[in-house]
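A.B. asks: Quick one: the structure is below, questions incoming.
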Amino acid sequence: MTVQPLSELHGRARSTRGHVPGEEGVWVFIGGDLVAFAVFFITYAVARRQELALFESAQTLLDRRLGLLNTLLLLTSSLFVAQAVAAVRRHDRRARPLLLGAIALGSSFVIVKAFEYSAKIAQGFTLNSNSFSIYYYMFTGIHLIHVLIGLAVLCFAASRFDRNGQMPGGVALIEGCGAFWHLVDLLWIILFALLYLL
Amino acid sequence: MKSTTMKLCTYMGAVAGTLMFIGIWPLAQMFPPLAPALPAAEVADYYRAHQTGILVGAILIMACSVLFFPFLAAVATFLKKIEGPVSPLTWAFVMICAYGFVTVFFAGLFFTAAAYRPDNPDAIIATLSDIAFFLFVMPAVPAFVQNVVTGIAILGDKRAQPILPRWLGYMNLWTGVLLLPGLAVGLFKVGPFAWNGVLAFWVPAVVFGIWFNLMIFAMLGSIKRNVLAGE
């Protein structure tokens, strides 16, 4: 019979009572970023309405399979991060491998994106080709910056484990990092729907 | 005594911001900016028609660029207090501000140069105007790094009662990210990322306004709590 450490009981109680994950300040950033992207999406919707035919024909040039692959990569990595957060809460040694898995999946997103960009540029679909291409490159580019920041944040979290694979007192830290990574995922899902599927 | 100086420096930010707004908006009537796609002849005619307003507005812009520094010095004082004797982020902040805000002065200078001789050829006036607008919008790049540095410094504060509130740290990171589209203005003449576009101009302008007011608000709160007292 094992005795649960007090901190673990505390962690359980925290997670079941519906607390705000991470520290509250993280949500200032996430909320602000969502507002900004909402403005992005409204701008896009208005521009698309004005040049509907051009946008629709340009959108068919995008490679939906690569977009879908990237969506799956990010969704899976988000799942890994969620599992890692849960593992840190119950002091499970698997937290770090899970986090490293999420980082690997996130990095593959960047690699796929690099291939997608270079294929598009080789086809002559560049930044100023038409009004759709401006949105495509700038929105996915700004999102890519978010992915890179998110990867840095996850790497930072991965560096916080001690030698036994534990993160003492790091629940708020990993929750905050996880929340940011889920934001990156959420934004991509909306971008994917807007740019590739609509 | 010290806290009075800090308060004055902080308020100086509000003075500088207001002066800049008066200079660029009602006086020079460059807010929102002239469209980048406007033909050189029309740009030149705009400068000829608004010569006095632009020249006076430019004086205010140049004056405000200097008045920003007491405010930025107050921010640096807080960062120094947070970091203690070893303060790389404070030094980075000071250096980035020193050249990032100088561009505001040069923007005013180029507005002056563009409006100064109405009989100049159209192309010369339009080019000087381009430089002025780039100087006005491109500082988004140093501002991004400055905000990230400020955010990291505030979040690095390990005190139980932080010198500056932690939400301000996250707010700085958010501001930094939203200023980023300003970096791409050289690539576009129309659309949302041109220098008069929604995402390269309006969003950063609004975000900068929010950042500025919240910084002043939070700094005055910290001065009131007397956080700088004691070594």
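A.B. asks: Could you count how many residues in the stretch A:145-158 are open to solvent by 70 Å² or more (accessible area, probe 1.4 Å) and farther than 18 Å from A:Trp188 by Cα?
C.D. replies: First pass over the stretch A:145-158, keeping only residues open to solvent by 70 Å² or more (accessible area, probe 1.4 Å): A:148, A:156.
Remaining after also requiring farther than 18 Å from A:Trp188 by Cα: A:156.
Summing the residues that are open to solvent by 70 Å² or more (accessible area, probe 1.4 Å) and farther than 18 Å from A:Trp188 by Cα in the stretch A:145-158 gives 1.
A.B. asks: A further question on this structure: What number of residues within the stretch A:122-142 are hydroxyl-bearing (Ser, Thr, Tyr), open to solvent by 10 Å² or more (accessible area, probe 1.4 Å) and either farther than 16 Å from A:Ser57 by Cβ or at the interface with chain B (Cβ under 10 Å from one of its Cβ atoms) (or both)?
C.D. replies: Residues that pass the stated criteria total 4.
A.B. asks: Next question, about the same structure. Working only within the stretch A:41-73, note down all residues that are under 17 Å from the mean Cα position of the chain (by Cα) and open to solvent by less than 20 Å² (accessible area, probe 1.4 Å).
C.D. replies: If the condition is that a residue be under 17 Å from the mean Cα position of the chain (by Cα) and open to solvent by less than 20 Å² (accessible area, probe 1.4 Å), then A:Gly67, A:Asn70, A:Thr71 are the ones that fit.
A.B. asks: Can you tell me which of B:Ala76, B:Ala126 is touching a residue at least 12 places away in the same chain (Cβ under 8 Å), among the small types (Gly, Ala, Ser) and under 29 Å from B:Leu8 (Cβ atoms)?
C.D. replies: B:Ala76
A.B. asks: Still on this structure: I'm trying to understand the selection: among the residues of the stretch B:147-158, which are within 11 Å of chain A (Cβ to nearest Cβ) and open to solvent by less than 10 Å² (accessible area, probe 1.4 Å)?
C.D. replies: If the condition is that a residue be within 11 Å of chain A (Cβ to nearest Cβ) and open to solvent by less than 10 Å² (accessible area, probe 1.4 Å), then B:Gly151, B:Ile154 are the ones that fit.
A.B. asks: Shifting gears a bit: Just wondering, is there one or more residues in the stretch B:189-212 that are basic (Lys, Arg) and either outside any helix (DSSP H, G or I) or more than 10 Å from chain A (Cβ to nearest Cβ) (or both)?
C.D. replies: yes
A.B. asks: Please tell me if B:Leu228 is more than 14 Å from chain A (Cβ to nearest Cβ) and open to solvent by 10 Å² or more (accessible area, probe 1.4 Å). So that I can check it myself, show each step before the final result.
C.D. replies: On the way: more than 14 Å from chain A (Cβ to nearest Cβ): yes; open to solvent by 10 Å² or more (accessible area, probe 1.4 Å): yes.
Considered against the rule, which asks whether it is more than 14 Å from chain A (Cβ to nearest Cβ) and open to solvent by 10 Å² or more (accessible area, probe 1.4 Å), B:Leu228 comes out as yes.
Residue-wise test of (1) among the charged types (D, E, K, R); (2) over 23 Å from B:Val203 (Cα atoms); (3) open to solvent by 40 Å² or more (accessible area, probe 1.4 Å); (4) at pLDDT below 95.
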| position | (1), (2), (3), (4) |
| --- | --- |
| B:Pro36 | no, no, no, yes |
| B:Cys64 | no, no, no, yes |
| B:Trp91 | no, yes, yes, no |
| B:Ala115 | no, yes, no, no |
| B:Ala123 | no, yes, yes, no |
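A.B. asks: Test B:Gln161 against the stated conditions and say whether it is of a type in the set (S, T, N, Q) and open to solvent by less than 20 Å² (accessible area, probe 1.4 Å).
C.D. replies: Answer is no for this residue.
A.B. asks: Here's another thing I want to ask about it. What number of residues within the stretch A:144-171 are among the hydrophobic types (A, V, I, L, M, F, W, C), over 17 Å from A:Leu75 (Cα atoms), out of contact with any Cys (no Cβ under 8 Å at 6 or more places or on another chain) and away from chain B (no Cβ under 12 Å)?
C.D. replies: The qualifying residues number 5.
A.B. asks: Follow-up question, since we're still on this one. Just name the residue that is nearest to B:Asn120 (Cα to Cα) out of those in the stretch B:1-25 that are open to solvent by 50 Å² or more (accessible area, probe 1.4 Å) and over 18 Å from the mean Cα position of the chain (by Cα).
C.D. replies: B:Leu8
A.B. asks: Considering only residues that are more than 7 Å from chain A (Cβ to nearest Cβ) and of a type in the set (Val, Ile, Thr), look in the stretch B:174-188 and name the one that is surrounded by the most Cβ atoms within 10 Å (Cβ to Cβ).
C.D. replies: B:Thr175
A.B. asks: Keeping to the stretch B:93-104, report how many residues are within 22 Å of B:Thr5 (Cβ to Cβ) and modelled with pLDDT under 95.
C.D. replies: Result for the stretch B:93-104: 3.
The values are calculated or read from the model by the stated rules, or taken from the named source; none is laboratory data. Just so it is clear, the model here is predicted, and its values are computed rather than measured. No Cβ is skipped: glycine too gets one built from the backbone with ideal geometry, and neighbour counts run over all protein chains shown. These accessible areas exclude ligands, DNA and RNA; they are computed on the full protein's heavy atoms, side chains included. Shrake-Rupley method; radii C 1.70, N 1.55, O 1.52, S 1.80 Å.
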